[in-house]
Protein chains: 2
Amino acid sequence: MIAQNHIEALEQIVGKENIFCDKAHTIAYSYDATRTRYEPDAVIFPRHEEDISRILTYCNEHRIIITPRGAGSGFTGGALPASGGIILALEKHMSQILEIDMENMVAVVQPGVINMDLQRAVEAVGLFYPPDPASEQYSTIGGNVSENAGGMRAAKYGITKDYVMALRAVLPSGEIIRAGKRTIKDVAGYNIAGILIASEGTLAVISEITLKLISKPKMKKTAMGIFPSVNQAMEAVYKTMAGGVTPVAMEFLDKLSIQAVESKFNKGLPKEAGAILVTDVDGNSLDELDIQLDIIQTKFNENGCSEFKIAQDEQEGAALWFARRNVSPSLVVYGNKKLNEDITVPRSKLPELLEAIDGVARKYDLVIPCFGHTGDGNVHTNVMVKDGNDPKQLEIGHKAIEEIFQITVDMGGTLSGEHGIGLAKAPFMSMAFTPSELELFKVIKKAFDPNNILNPNKMGL
Amino acid sequence: MIAQNHIEALEQIVGKENIFCDKAHTIAYSYDATRTRYEPDAVIFPRHEEDISRILTYCNEHRIIITPRGAGSGFTGGALPASGGIILALEKHMSQILEIDMENMVAVVQPGVINMDLQRAVEAVGLFYPPDPASEQYSTIGGNVSENAGGMRAAKYGITKDYVMALRAVLPSGEIIRAGKRTIKDVAGYNIAGILIASEGTLAVISEITLKLISKPKMKKTAMGIFPSVNQAMEAVYKTMAGGVTPVAMEFLDKLSIQAVESKFNKGLPKEAGAILVTDVDGNSLDELDIQLDIIQTKFNENGCSEFKIAQDEQEGAALWFARRNVSPSLVVYGNKKLNEDITVPRSKLPELLEAIDGVARKYDLVIPCFGHTGDGNVHTNVMVKDGNDPKQLEIGHKAIEEIFQITVDMGGTLSGEHGIGLAKAPFMSMAFTPSELELFKVIKKAFDPNNILNPNKMGL
């Protein structure tokens, strides 16, 4: 427990009304989307960057552990106070869009701004912020940067790191630093913004973010292809992406995912299909869209597509997206516990990956529905545990996950395309990285945070 | 001087035929594009990554300074052995394109591959590697990554860092590490590739580079606008870029640049014009190109463009590009010494920047022609010194540069958009960064290179 004199000192910084040790607060800030719980000793709400600086200075001096937190919607425990100490909650007072600079197509935001709020604000003035994690309705930009969040539009538009132009951040010492500029090109000094992105709140507390915006494409079309087998669909994915077209999204559902949605919603989905691919293309003219759809249809047909539909309007487009958007909650039909991983492989390895996952499912007699962002090789792999309260079933599920991780790494893939490492994937770091690489991570952590006060013991560090 | 026993030990690693201490070698490897000279004690040519590892292990143990070098075409001295020691020359044995993976749209190259060789190889199979530094004919990909090279196409396609998916590198300790994956998404572990890009060979020796490729756009058109004043042209630039179009390139020449080219080549350029903008658009249909050109023409006209030409074929396009492509060597008409800086500001600050540079020119009675990549705010600012052998004239030139740097930084710009810091801009680092930021750079350098053997004393470190 944190000593009362420390609480009093921190009250001097933020005011009594911005630090809490009561159960209502410590319990509310004890969880994230992993559903694991770690109760902090206190929750503090900085009002501005200067507060963060003073809090960190104090905590660094007194070796008090601090865990920064946005919306707490992470899937790997990045924002959990696993080693105790204080939660630095940024969503309350630091959630302003500070500027939308239309002349330079840049937005400046505080870390607590919700992704969708930013998307809406910039689209209202004809601009576009592409990164769209599935959590976009509630996750914060600070969290998105800390985890380097992806989303469906990554196939064409890339991920969060591709939009971060500059950051302000507070080092564990309390020092405030700036990294990057409001310019496309900036090569002065080390790329500090580059290393802070995806560092999961372990190196510094990000206090302000400058994001690149682009012009909003004028139009969009949706298409869907039905495939007899998942293997043919996966072949179609990488051959389409290499075929001279870059769709905004290229998402897939396997047979188990299709059947789960259909059993829940009865939408007349093709229950016997091996896979469905749903894709969006965008651009500034119908011509531009049609050229892309032509290539997609050709590549789909060459790879066994049995039915290809192009939505004629937004409503039809939404109907084609229905299955994909509702797959995640539908999977409860297979079990009450879902072990959801976001493995990613080079696209050409998708057929082999899906086949190998099927092998793991057979070996352990498990149901493992897969869906996700195949346009960038990112497959959401859901090992379903019928009864999550049965430790034996859970153990088998985790064994299957471990095997899937090994298969992924062996194919040149990554443990995590979107969710980060946090606590949940920390045990697998030695599978993906050599001792020298892990040692380098530790050396970098120590360079930024010599007293190990900032979100310690995450990412296998 | 390096002791003979060290040379013998290194001969054991690479063979006598790959290490040289003779003048022919040490002089040949003593310069870069800054024309400053520092003679190394020896030049070593590693045959592969394992050689690099063994060389660094030895040099680290014996505290021998190593400077990695690609083509030596840098503008800021990054590859100069300013503190003596050994040049690690990567262009001889490590210049293979190892793989062009068409399925995943990725190229894997050794650091010594020349940028244009890679561009040609991938274009031959319908793919596209956009980063096109002016040095593309001779600079290496390893150098491009180390300096985070830009180019004309950055306005639409970004810079080198936007294409680096993964790296292999050798740490000063000799340890070999991998960073990143052949996937768009990868958020496992710290973004080591991110910090190695633009680190100017001070943190590790990059031994292999995996680059993202894109589909080659099917067609391109060139247009040119003539403006009465540079101010109007600069307004046109940022208003066009914010106007719903992203041209591939948006380049400018000011009046002094136009006049220099005209006096050298007599091409009938508009000598009384205040500025010329040259722009390329690309896409996969004529429709897509025309939509972009319409917006550009409208925005140009709204900002005082007196003449707008669209090239009707490739030959006409080349003619429109002639002035821009030949401006740099034409500037000799103004003096025999050119102090060429690559400052970059947010685009909307371009009018103010050009006005301020004009003020500096008047104050010091200097000729300062400007041209460059206005599409991304990057202005090549050329302080012309009539007689570069006159120390007094040179001193005035450097004073002007210093003032221009201060103006740039005050506008939220950067000391360097493309060329890096190296030795040439090191004295100005404290203008651009706070003591805390500079200290963080030093801490990072020390974390990677505790014995300070790798390209020391660069970047103001």
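The values are calculated or read from the model by the stated rules, or taken from the named source; none is laboratory data. Quick caveat, the model's predicted, so the values are computed rather than measured. In this analysis, Cβ positions are derived from the backbone assuming ideal geometry, glycine residues included, and neighbour counts consider all displayed protein chains. For accessibility, only protein heavy atoms count, side chains too; no ligands or nucleic acids. Shrake-Rupley method; radii C 1.70, N 1.55, O 1.52, S 1.80 Å.
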>> Just checking, does region B:217-228 include any residue being open to solvent by 30 Å² or more (accessible area, probe 1.4 Å), farther than 30 Å from B:THR67 by Cα, in contact (Cβ under 8 Å) with a residue 60 or more places away in the chain and within 14 Å of chain A (Cβ to nearest Cβ)?
In response: yes
> What about A:GLY189, is it within 24 Å of A:GLU302 (Cβ to Cβ), open to solvent by less than 10 Å² (accessible area, probe 1.4 Å) and not in a helix (DSSP H, G or I)?
Replying inline: no
> Considering A:ARG47, A:ARG35, A:ARG54, which residue is open to solvent by 10 Å² or more (accessible area, probe 1.4 Å), modelled with pLDDT under 95 and either out of contact with any Phe, Trp or Tyr (no Cβ under 6 Å at 6 or more places or on another chain) or β-branched (Val, Ile, Thr) (or both)?
Replying inline: A:ARG35
> Quick one: in region A:407-418, which of the residues that are at pLDDT 95 or above and open to solvent by 10 Å² or more (accessible area, probe 1.4 Å) is farthest from the other protein chains (Cβ to nearest Cβ)?
Replying inline: A:ILE407
>> Checking the conditions here, which among A:ALA89, A:ALA9, A:ALA79 is open to solvent by 10 Å² or more (accessible area, probe 1.4 Å), at pLDDT 95 or above, within 19 Å of A:ILE141 (Cα to Cα) and of a type in the set (Gly, Ala, Ser)?
In response: A:ALA79
>> Take the residues in region A:167-179 that are at the interface with chain B (Cβ under 9 Å from one of its Cβ atoms) and touching a strand residue (DSSP E or B) at 6+ places or on another chain (Cβ under 7 Å); name whichever of them is surrounded by the most Cβ atoms within 10 Å (Cβ to Cβ).
In response: A:ALA179
>> Looking at region B:131-143, can you tell me whether even one residue there is among the charged types (D, E, K, R) and not in a helix (DSSP H, G or I)?
In response: yes
>> When the residues of region B:138-148 are narrowed to those that are open to solvent by 10 Å² or more (accessible area, probe 1.4 Å) and within 11 Å of another protein chain (Cβ to nearest Cβ), which ends up farthest from the chain's Cα centre (by Cα)?
In response: B:SER146
> Restricting region B:362-389 to residues that are in contact (Cβ under 8 Å) with a residue 40 or more places away in the chain and among the acidic types (Asp, Glu), which is most open to solvent (accessible area, probe 1.4 Å)?
Replying inline: B:ASP387
>> For the list (1) among the β-branched types (Val, Ile, Thr); (2) assigned to a loop (DSSP other than H, G, I, E, B); (3) modelled with pLDDT of 95 or more, I need the number of the one condition that A:THR183 fails.
In response: (3)
> Restricting attention to region B:351-406, which residues are among the small types (Gly, Ala, Ser) and either away from chain A (no Cβ under 14 Å) or not in a loop (DSSP other than H, G, I, E, B) (or both)?
Replying inline: B:ALA356, B:GLY359, B:ALA361, B:GLY372, B:GLY375, B:GLY388, B:GLY397, B:ALA400
> Can you spot a residue in region A:390-398 that is open to solvent by 10 Å² or more (accessible area, probe 1.4 Å) and closer than 16 Å to A:ASP254 by Cβ?
Replying inline: no
> Between a first residue in region A:192-214 that is within 12 Å of chain B (Cβ to nearest Cβ) and a second residue that is at pLDDT below 95 and open to solvent by less than 10 Å² (accessible area, probe 1.4 Å), which pairs have beta carbons less than 6 Å apart while being 6 or more apart in sequence or on different chains?
Replying inline: A:ALA198/B:VAL187
> Pairs under 6 Å by beta carbon, first residue without any contact (Cβ under 8 Å) to a residue 40 or more places away in the chain and facing chain B (nearest Cβ under 8 Å) in region A:431-450, partner assigned to a helix (DSSP H, G or I) and surrounded by 20 or more Cβ atoms within 10 Å (Cβ to Cβ), six or more apart or different chains?
Replying inline: A:ALA447/B:ILE444
> Among the residues of region A:419-430 satisfying the criterion of being open to solvent by 10 Å² or more (accessible area, probe 1.4 Å) and more than 10 Å from chain B (Cβ to nearest Cβ), which is farthest from A:GLU61 (Cα to Cα)?
Replying inline: A:SER430
> Identify, please: which residue in region A:163-201 is charged (D, E, K, R) and touching a Lys or Arg at 6+ places or on another chain (Cβ under 8 Å) and is, among those, nearest to B:MET459 (Cα to Cα)?
Replying inline: A:ARG178
>> Looking at region B:229-245 only, could you name the residues that are open to solvent by less than 50 Å² (accessible area, probe 1.4 Å) and among the polar types (S, T, N, Q)?
In response: B:SER229, B:THR240
>> B:LYS337 - would you say it is within 14 Å of chain A (Cβ to nearest Cβ), within 30 Å of B:GLY420 (Cα to Cα) and open to solvent by 40 Å² or more (accessible area, probe 1.4 Å)?
In response: no
>> If a residue must be of a type in the set (D, E, K, R) and in contact with a helix residue (DSSP H, G or I) (Cβ under 8 Å, 6 or more places away or on another chain), how many such residues does region A:281-319 contain?
In response: 6
> Taking strands (runs of 3 or more DSSP E) that fall entirely within region B:7-99, which contain at least 3 residues that are under 30 Å from B:PHE428 (Cβ atoms)?
Replying inline: B:66-69, B:86-89
